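Participant: The structure is given below, and queries will be raised subsequently.
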Amino acid sequence: MEYKWIYQSVNGWYGETVNGDQVKLKLVPKGRKTEHLKDSTGNVVGKRCSKCGKMTLATAEYFRADNRAHAGLQQKCKNCHARWDEVNLVGRSIKGGPVRTQRPKAVRIYNDEGLCTFKVCPCCGEGKEREEYAKHSRNPDGLQTYCKKCQAENAKKEKPEAI
Ligand SMILES: [Zn+2]
Ligand SMILES: [Zn+2]
């Protein structure tokens, strides 16, 4: 069943389906900060963002896809992720604290399927497409930390030439 929107009344949470039906939803706590709203079929209809605490429809409109996560969606809503991406660019604390002098985390751009399609290499500082990185299944983005070019150059440096 597809839902148009969700709302909270004195009796709890409801969802309005695309057919105009009002469906009572069950609040299901998940972890410390996340909550889900499920309908009687166990379908996850709503999801609370673990960061800003806003309850919205559990759809790709509000959450980025992540097939390893519960309900196939990431814990933070798209708005919060956009904020993270922004502060990561300048290495600033998300809580608005002092600017850290350490190198900002690698900037990554994800598509709607949750696939990292673009990443700034922390070694050369250049933004590169996914194809410019070797695959690394144990990293969350599925890519090596450094781009292929830097990896090749670092490998060369490990074997210094005889003078
Ligand atoms: Zn949020
Ligand atoms: Zn590089």
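Participant: With the cut-off at 1.5 for a/c, could you classify segment 108-158 from its C-alpha gyration tensor as rounded, prolate or oblate?
Facilitator: Numbers: a/c = 2.81, a/b = 1.79, b/c = 1.58.
Judged from the Cα gyration tensor, segment 108-158 comes out prolate (a/c at least 1.5, a/b above b/c).
Participant: Also: Cα-Cα over 18 Å: which of Lys135/Lys156; Lys78/Lys135; Lys4/Lys24; Lys4/Lys33? Each step should come with its number before you reach the end.
Facilitator: Details: Lys135/Lys156 20 Å; Lys78/Lys135 26 Å; Lys4/Lys24 14 Å; Lys4/Lys33 24 Å.
Where the Cα-Cα span goes over 18 Å, the pairs concerned are Lys135/Lys156; Lys78/Lys135; Lys4/Lys33.
Participant: In whole angstrom, how far apart do the alpha carbon centroids of segment 126-154 and segment 1-38 sit?
Facilitator: Each part's Cα centre sits 41 Å from the other's.
Participant: At most 16 other Cβ atoms within 10 Å and a DSSP loop assignment: could you name the GluC sites (Glu not before Pro) in segment 1-61 that fit?
Facilitator: Working: sites: Glu2, Glu16, Glu35, Glu61; in loops: Glu2, Glu61.
Listed in order of number, the matching sites are Glu2, Glu61.
Participant: While we're here: Quick check: pseudo-label points 7 Å beyond the Cα along Cα→Cβ at Glu126 and Asn79, how many nm apart are they?
Facilitator: Between Glu126 and Asn79, the label points sit 3.8 nm apart.
Every number here is computed from the coordinates shown, using simple stated rules; none is lab data. Everything quoted here is computed from the prediction, not taken from an experiment. A quick note on method: Cβ atoms are made from the backbone with ideal geometry, for glycine too, and the neighbour counts reach across all protein chains shown.
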